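*Asks:* One structure coming up, written as structure tokens, with questions to follow.
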Amino acid sequence: MPFGGLAEYVPEHRLWFGISSRADGYRFMAANLIATPSSDSEETLCPPPVVHGCWKEFVQPPPEWELVESQVVHLGSSKFCIVRFFEVGELYFCHETHKTEMMEEEMQMVLTGVVVGSCGGELRVVKHKSERYKLNFDFDYWVL
């Protein structure tokens, strides 16, 4: 599967949208997961999913920001909210281990609104506003 987590079907585009795997950089993507079996052999073989677009809607965060998790929520009418959780801390060099380590970590969430449109048969993603929130560790947070 091309997605690293949950994906949502969007009927107006007849595609599934979600977040790609870690190896692909947790990018927002669209894929056709409905495969039609090929009749080349006696066994019924289904081709792999076809990716129709893969976009990186955020800039590379600073080194002290570690991406923990990404989710996408379909809001309807080709609008999505991409939710990213980061552990943010201060980097320091440890002279004993000779490694750069992070201290005083805190959890932050970045919400990004995007709209998917079609232009000449090709999917386009328009990024809108992003907001960052500092999360309090005394509470549990859920993305529904």
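The values are calculated or read from the model by the stated rules, or taken from the named source; none is laboratory data. These numbers were taken from a predicted model, which means no experiment stands behind them. Please note: Cβ atoms are built from the backbone with ideal geometry, for glycine as well, and neighbour counts cover all protein chains shown.
*Asks:* Which number in (1) modelled with pLDDT of 90 or more; (2) farther than 24 Å from V110 by Cβ; (3) surrounded by 11 or more Cβ atoms within 10 Å (Cβ to Cβ); (4) not aromatic (F, W, Y) marks the one condition that P11 misses?
*Replies:* Of the numbered conditions (1) modelled with pLDDT of 90 or more; (2) farther than 24 Å from V110 by Cβ; (3) surrounded by 11 or more Cβ atoms within 10 Å (Cβ to Cβ); (4) not aromatic (F, W, Y), the odd one out for P11 is (3).
*Asks:* Right, next: Please enumerate the residues belonging to the range 43-65 that are part of a strand (DSSP E or B) and under 13 Å from V110 (Cβ atoms). Outline the logic, then answer.
*Replies:* Step one: of the range 43-65, the residues part of a strand (DSSP E or B) are 45, 50-55, 65.
Of everything in the range 43-65, just one residue is part of a strand (DSSP E or B) and under 13 Å from V110 (Cβ atoms), namely W65.
*Asks:* Just to check your reading of the model, which residue among G25, G18, G76 is modelled with pLDDT under 90 and of a type outside the set (A, V, I, L, M)?
*Replies:* G25 is the lone residue from the list that is modelled with pLDDT under 90 and of a type outside the set (A, V, I, L, M).
*Asks:* Of a type in the set (K, R), farther than 21 Å from S21 by Cα and under 18 Å from the mean Cα position of the chain (by Cα): is that true of R132 in this structure? Before you say what the answer is, go through the steps one by one.
*Replies:* Details: of a type in the set (K, R): yes; farther than 21 Å from S21 by Cα: yes; under 18 Å from the mean Cα position of the chain (by Cα): yes.
It is true that R132 is of a type in the set (K, R), farther than 21 Å from S21 by Cα and under 18 Å from the mean Cα position of the chain (by Cα).
Residue-wise test of (1) closer than 15 Å to G5 by Cα; (2) touching a strand residue (DSSP E or B) at 6+ places or on another chain (Cβ under 6 Å); (3) hydrophobic (A, V, I, L, M, F, W, C); (4) modelled with pLDDT under 85.
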position: A35; (1), (2), (3), (4): no, no, yes, yes
position: V72; (1), (2), (3), (4): yes, yes, yes, no
position: F80; (1), (2), (3), (4): no, yes, yes, no
position: F86; (1), (2), (3), (4): no, yes, yes, no
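*Asks:* Considering only residues that are surrounded by 10 or more Cβ atoms within 10 Å (Cβ to Cβ) and of a type in the set (F, W, Y), look in the range 83-110 and name the one that is farthest from V59 (Cα to Cα).
*Replies:* Y92
*Asks:* Here's a follow-up. Scanning for something among the charged types (D, E, K, R), within 30 Å of R14 (Cβ to Cβ) and touching a Ser or Thr at 6+ places or on another chain (Cβ under 6 Å), does the range 82-93 turn up at least one residue? Write out each step before concluding.
*Replies:* Applying the first criterion (among the charged types (D, E, K, R)) to the range 82-93 yields 84, 87, 90.
Filter once more, keeping what is within 30 Å of R14 (Cβ to Cβ): 84.
So of that shortlist, the ones also touching a Ser or Thr at 6+ places or on another chain (Cβ under 6 Å) come out as 84.
Taking every residue of the range 82-93 in turn, at least one turns out to be among the charged types (D, E, K, R), within 30 Å of R14 (Cβ to Cβ) and touching a Ser or Thr at 6+ places or on another chain (Cβ under 6 Å).
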